[in-house]
Amino acid sequence: MSIIYFDNAATSWPKPPEVHAAMQKYLKKIGANPGRSGHRLSVEAARIIFDTREKLVQLFNVDDPLQIVMTKNATEALNIAILGLLKPGDHVITSSMEHNSAMRPLRAMEHRGVNLTVITCDQDGLIDPVKVSAAIQENTKAIFVTHASNVTGTVMPVADIGRIARKHALVFCVDAAQTAGCCPIDVKEMNIDLLAFTGHKSLFGPSGTGGLYIREGLEKRIEPLCVGGTGSRSESEEQPDFMPDRYEAGTPNTVGIAGLQAGVDFVLSEGVDQINSREEELVKTFMEGIKGLAGVTLYGQTDTHKRTPVVSFNIAGMDPAAVALELDERFKIMARSGIHCAPSAHKTIGTYPQGTVRFSFSYFNTQEQIAKAIDAIRKISRRKK
Amino acid sequence: MKDKKSYDVILFKAVSYALKAEKILKKENLPHKLIPVPKHISSDCGICLMVHLDMKDQVLTALQDKVDIENVRPLTE
Ligand SMILES: Cc1ncc(COP(=O)(O)O)c(C=O)c1O
């Protein structure tokens, strides 16, 4: 029995073979520090990073590749956005479905005098844009919202919230950790000013990659968190103020970015729409298959069109951790259990503090694996009865 | 390269800007060459774009409002 990997919302695996090849190629044939020297290997390394930015802008409909800051993950991107933008006295709005990578920096800023409103989402994890509008105050500076919940897979109406943000001239920041690569994202159409994404989930890159899109001009209002060597303006002891160097101090993860580029290439050539619809089919089969089982509770929206390939569930009378352990030991199914780094999301859907069992599928999962998983859950839940 | 005197180099803030400029010129079919910054020029960015003087205006027009340029200097001292 081979392993069935259903923890793609944590980190996707496997990766397309092109990702391995690109990383190996960099390590074997290029190896140099990008943008620090004029020799051909350094230029080659810099080209890898530039080309990666170019592919990302294609994916998100951004005009200028230099508006993409490469980071080590979505968490770093969110920290730049939140800690760099907000000042004491500002008011910000967020949702109760946020991952801790947004919620913790927001709470940290609250301790420094930022006023935070957390909009409670409904039982399916959906935010009501009307409540967002109603929460806007005179000193509101920004709205931070996740594009999709990592607990319920609920896709938020970001285009609607984006219109509200634009109307009130607020900075709109979207956490696309769960959606970049598997849901369409258009920063112009959605009025997104800041887009935080991670490389190791649906973009199929390795861990240690991610980024932040910053709308042109907004960098003037965002302080960098980390300053240091950039390979540019070396005569000066001050951090450069231009994009993306302002936020990219230190030698980047070039080997990781080489892999990310191949991952984004894969996404672009398969097409987000195709990835999205194949994953939706997997979710549909899975939800259909377990929703009737006695003792099984499914969370999130029933309309599979409005969710990412993330499904949280529980089996009555069983601790999610015990279910996940049994799935692993008896069925070789890799799932995640517990709070998934989003305590407020669990409070919203009523699964705090025990959490849920979470399956998250990828483009590489198959209907056959889904069938096996349904069978496994049937067996576990029946025995429990 | 026959006549070094017929060339200028365009200098940028950072390598990524030079690479961006290179892509634009490639797309527009304007002749150019990415080279290490010549010794006599002090620039922090390790590379620059070399262009023939005959093409210079066209190149600068193509890059205008798209890539920040730090400086334009003769290739030779
Ligand atoms: C919604 C959401 N935001 C942010 C993150 C953080 O991503 P990373 O761990 O790559 O920083 C995750 C995943 O862990 C997530 O699911």
**Fill in**
Placing +1 on each Lys and Arg Cβ and -1 on each Asp and Glu Cβ in chain B, then taking the dipole about the Cα centre, the residue among B:A14, B:H32, B:L53 whose Cα reaches farthest towards the positive end is B:H32
**Request:** Provide a whole-number value for the mean count of partner chain Cβ atoms within 10 Å of the Cβ atoms in peptide B:6-19.
**Result:** 5
**Asked** Excluding the sites themselves, what is the longest stretch of chain A that contains no GluC sites (Glu not before Pro) in a DSSP loop with at most 16 other C-beta atoms within 10 Å?
**Response** A:239-385
**Asked** To the nearest 20 debye, what is the magnitude of the charge dipole of segment B:4-74 about its Cα centre, counting +1 on the Cβ of each Lys and Arg and -1 on the Cβ of each Asp and Glu?
**Response** 240
**Mean separation of Cα contacts under 8 Å, 6 or more apart, over the residue count of segment A:17-270: relative contact order %** = 27
**Message:** Please rank A:H305, A:H200, fewest neighbouring Cβ atoms within 10 Å first, as an exposure proxy.
**Reply:** A:H305, A:H200
**Item:** Relative packing of peptides A:258-265, A:352-359 - highest average C-beta neighbours within 10 Å first
**Value:** A:258-265, A:352-359
**Item:** Order of A:V114, A:V151 - criterion: other Cβ atoms within 10 Å of each residue's Cβ, fewest first
**Value:** A:V114, A:V151
**Listed residue (A:N73, A:Y213, A:N100) projecting farthest to the positive dipole end of segment A:17-270, Cβ model** = A:N73
**Complete:** Surpassing 22 Å at the alpha-carbon level, of the pairs B:K13/B:K66; A:K201/A:K379; B:K4/B:K39, are A:K201/A:K379
**Request:** Counting helices only, and only those DSSP H runs with n ≥ 4, report the 222 nm mean residue ellipticity of chain B as the sum of -39,500 (n - 2.57) divided by its residues, in deg cm²/dmol to the nearest 500.
**Result:** -9500 deg cm²/dmol
**Asked** Using helices alone, what [θ] at 222 nm do you get for chain A, with -39,500 (n - 2.57) per DSSP H run of 4 or more residues, divided over all residues and rounded to the nearest 500?
**Response** -12000 deg cm²/dmol
**Complete:** Everything considered on the Cα gyration tensor (a ≥ b ≥ c; rounded for a/c under 1.5, else prolate if a/b is larger than b/c, else oblate), segment A:97-221 must be described as rounded
**Asked** Which value, in debye to the nearest 20, gives the size of the charge dipole of segment A:110-231 about its Cα centre, when Lys and Arg are +1 and Asp and Glu are -1 at the Cβ?
**Response** 260
**Cα-centre dipole for segment A:17-270 with unit charges at Cβ (Lys and Arg positive, Asp and Glu negative), debye to 20** = 380
**For A:V296, distant residues with modelled amide H under 5 Å away** = A:A316
**Asked** For the protein assembly as shown, what is the per residue volume of the convex hull drawn over the alpha-carbon atoms, in cubic angstrom?
**Response** 144
**Message:** Using each residue's phi in segment A:264-274, evaluate 6.51 cos²θ - 1.76 cosθ + 1.60 at θ = phi - 60° and report the 3J(HN,Hα) Karplus result to the nearest Hz, with x for Gly and Pro.
**Reply:** 5, 4, 4, 4, 5, 7, 6, x, 4, 5, 5
**Message:** If the elastic network links every pair of Cα atoms under 10 Å, which of A:T117, A:T348, A:T285 fluctuates the most in the Gaussian network model of chain A?
**Reply:** A:T285
**Asked** Relative contact order for segment B:4-74 using alpha-carbon pairs under 8 Å, separation at least 6, rounded to a whole percent?
**Response** 50
**Request:** Positive end of the charge dipole of the protein assembly as shown (Lys, Arg +1 and Asp, Glu -1 on Cβ, about the Cα centre): tell me which of A:V130, A:S277, A:C173 has its Cα farthest that way.
**Result:** A:S277
**Prompt:** So what's the net charge close to A:Y299: Lys and Arg +1, Asp and Glu -1, counting the other residues with Cβ under 15 Å from its Cβ?
**Reply:** +3
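No value in this document is a laboratory result; all are computed from the given coordinates. Since we're looking at a predicted model, the values are computed, not measured. Don't worry about glycine lacking a Cβ; one is built from the backbone with ideal geometry, like all the others, and counts go over all protein chains shown.
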